[in-house]
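Shown next, in structure tokens, is the structure this report addresses.
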Amino acid sequence: MSEDLREMLTDSAVREGDVVTGEVTAVDDHGVTVALPHGYEGHIAAQELSAVPGTHPSDVVSVGSTVTAQVLKVDMESGHVTLSKRRAEQASAWERMQQLLESGEPIEVEIRDVVKGGLVADVGVRAFIPASLVDRHFVENLEQFKGQKLRAKVIEVDPQKNKLILSRRAVLEEESEARARKLFEELKPGDVIEGTVQRLTDFGAFVDVGGADGLVHISELSFSHVNHPSEVVHEGDRVKVRVLRVDPEAGRISLSIKAALPEPWETYAHEFQPGDVVQGVVRRVVDFGAFVELRPGLEGLVHVSQISNEHVDKPSDVLQPGQEVTVRVLSVDPERKRISLSMRDSSQPRGGQGRGNRRERRAVEPRNDGASGPTLGDLFGDLFK
């Protein structure tokens, strides 16, 4: 080593433990080379670049970038300086993490690695985000976050154990609560909005309407009878809903999908005329008859007297919910939203029959005056004319 270089190194007073700043001049698999003031050349080994083991040097710095590092060793003979970026950041990093823990302020981190059970980031020290704290919901594939920048909150700091825990879920929940507060202020019963189905239960579907989840009760999913919400919607579906009720204190929003749809009477009623013979499905059986669904949400009543050509005491003796039946339309009343149906002679074509057929049908139809069978007049009435 020349006397001039030795004198320069001595005068510049670069000593072990100092923190210095320089420009990166080269990057390879083993580390980076840094040009330091006063002609020094420093080297940072790959393992001294990041708090995350296995990080490639090119993921941390690039040629031309400025880097701050701690001096680990000075070779007075060659003028070579061994540096550590990781150690230079460590002390200040722990101090900053403690401040963030106390203030609750979120930090933006870049995900460097995905390990069993969570995500790893470098914030000057190794930071870990457990899988359960990555999102508000379960995330099956954590690889999607590698290389991404995420906002998270510091929830545990322990320098002695080299333990730093972050939570992205805490940030997402805080943001969601802010959106929910705004939403509760803006939403009004009767509003029709769009949302995304988040999850299904036996009693309905929860729909995210832009900051808060509202419940669509199973009875509000469709005009038709629904056994389970999965018959109508699936998770991820975009749906249009009408707001029924908003309860800010309880944090509840009641929604309806069917109330956002056109009324079945407006959609289908014009399709039916008296005399039409159509197929339907029995939806409800009551003491006075059965309600038959002709189109989704559009039902007509088959009165007990119109169920069969034979006398029927109880509709449930003949009909069951879910049973497919053929019915004839007797009348359509749009104002009262009622359709009267009959299963008697429902197989006959629309438009009526000839005189001979009318006499035959009249002979076998039950009487409505309480008599047990046809009279002589019913059977031989034409002979007396």
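The values are calculated or read from the model by the stated rules, or taken from the named source; none is laboratory data. The structure presented is a predicted model; accordingly, all values stated were derived computationally and were not measured. Using ideal geometry, Cβ is built from the backbone for each residue, glycine included, and neighbour counts are taken over all protein chains shown.
Go through the range 217-275 and give me each residue that's under 20 Å from the mean Cα position of the chain (by Cα), at pLDDT 90 or above and assigned to a loop (DSSP other than H, G, I, E, B).
Residues satisfying the conditions are 221, 228, 232, 233, 234, 235, 236, 237, 257.
Of the numbered conditions (1) modelled with pLDDT of 90 or more; (2) crowded, with 20+ Cβ neighbours inside 10 Å; (3) under 42 Å from the mean Cα position of the chain (by Cα), residue 42 satisfies every one except a single condition; which is it?
(3)
Can you work out which of the residues in the range 133-162 that are touching a helix residue (DSSP H, G or I) at 6+ places or on another chain (Cβ under 7 Å) and assigned to a loop (DSSP other than H, G, I, E, B) is nearest to residue 176 (Cα to Cα)?
So, considering only residues that are touching a helix residue (DSSP H, G or I) at 6+ places or on another chain (Cβ under 7 Å) and assigned to a loop (DSSP other than H, G, I, E, B), the one nearest to residue 176 (Cα to Cα) is 136.
For every residue, the table says whether it meets (1) crowded, with 17+ Cβ neighbours inside 10 Å; (2) not basic (Lys, Arg).
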site: 199; (1), (2): no, no
site: 204; (1), (2): yes, yes
site: 228; (1), (2): no, yes
site: 244; (1), (2): yes, yes
site: 266; (1), (2): no, yes
site: 302; (1), (2): yes, yes
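Of all residues in the range 277-300, count the ones that are basic (Lys, Arg) and in contact with a helix residue (DSSP H, G or I) (Cβ under 9 Å, 6 or more places away or on another chain).
1
Here's the yes/no breakdown for (1) over 20 Å from residue 160 (Cβ atoms); (2) surrounded by 19 or more Cβ atoms within 10 Å (Cβ to Cβ); (3) of a type outside the set (Gly, Ala, Ser); (4) in contact (Cβ under 8 Å) with a residue 24 or more places away in the chain:
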residue: 61; (1), (2), (3), (4): yes, yes, yes, yes
residue: 64; (1), (2), (3), (4): yes, no, no, yes
residue: 73; (1), (2), (3), (4): yes, no, yes, yes
residue: 80; (1), (2), (3), (4): yes, no, yes, yes
residue: 87; (1), (2), (3), (4): no, no, yes, yes
residue: 95; (1), (2), (3), (4): no, no, yes, no
residue: 98; (1), (2), (3), (4): no, no, yes, yes
residue: 101; (1), (2), (3), (4): no, no, yes, yes
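Hey, among the residues in the range 186-197 that are free of Cβ contacts under 8 Å to residues at least 60 places away in the same chain and outside any loop (DSSP other than H, G, I, E, B), which one's farthest from the chain's Cα centre (by Cα)?
Keep residues of the range 186-197 that are free of Cβ contacts under 8 Å to residues at least 60 places away in the same chain, which gives 186, 188-191, 193-194, 196-197.
Those still in the list that are outside any loop (DSSP other than H, G, I, E, B) too: 186, 193-194, 196-197.
On the way: 186: 22, 193: 16, 194: 13, 196: 6, 197: 5 Å.
Checking each candidate, the answer is 186.
In this structure, is residue 328 over 17 Å from residue 283 (Cβ atoms) and touching a Leu at 6+ places or on another chain (Cβ under 8 Å)?
For residue 328, the condition - over 17 Å from residue 283 (Cβ atoms) and touching a Leu at 6+ places or on another chain (Cβ under 8 Å) - is met.
When you check residue 140 against the structure, is it surrounded by fewer than 16 Cβ atoms within 10 Å (Cβ to Cβ), over 30 Å from residue 231 (Cβ atoms) and not basic (Lys, Arg), yes or no?
Here the answer is no, as residue 140 does not meet what is asked.
Would you tally the residues in the range 61-78 being within 15 Å of residue 22 (Cα to Cα) and not in a strand (DSSP E or B)?
Looking only at that region, the number is 5.
Within the range 108-136, which residues are within 27 Å of residue 23 (Cβ to Cβ) and either buried (at least 17 other Cβ atoms within 10 Å of the Cβ) or assigned by TED's automatic domain parsing to the domain that holds residue 55 (or both)?
109, 112, 121, 122, 123, 124, 125, 126, listed by residue number.
Being at pLDDT 90 or above and either β-branched (Val, Ile, Thr) or over 22 Å from residue 157 (Cβ atoms) (or both) is the filter here; which residues of the range 74-104 pass it?
81, 82, 83 - these are the residues of the range 74-104 that are at pLDDT 90 or above and either β-branched (Val, Ile, Thr) or over 22 Å from residue 157 (Cβ atoms) (or both).
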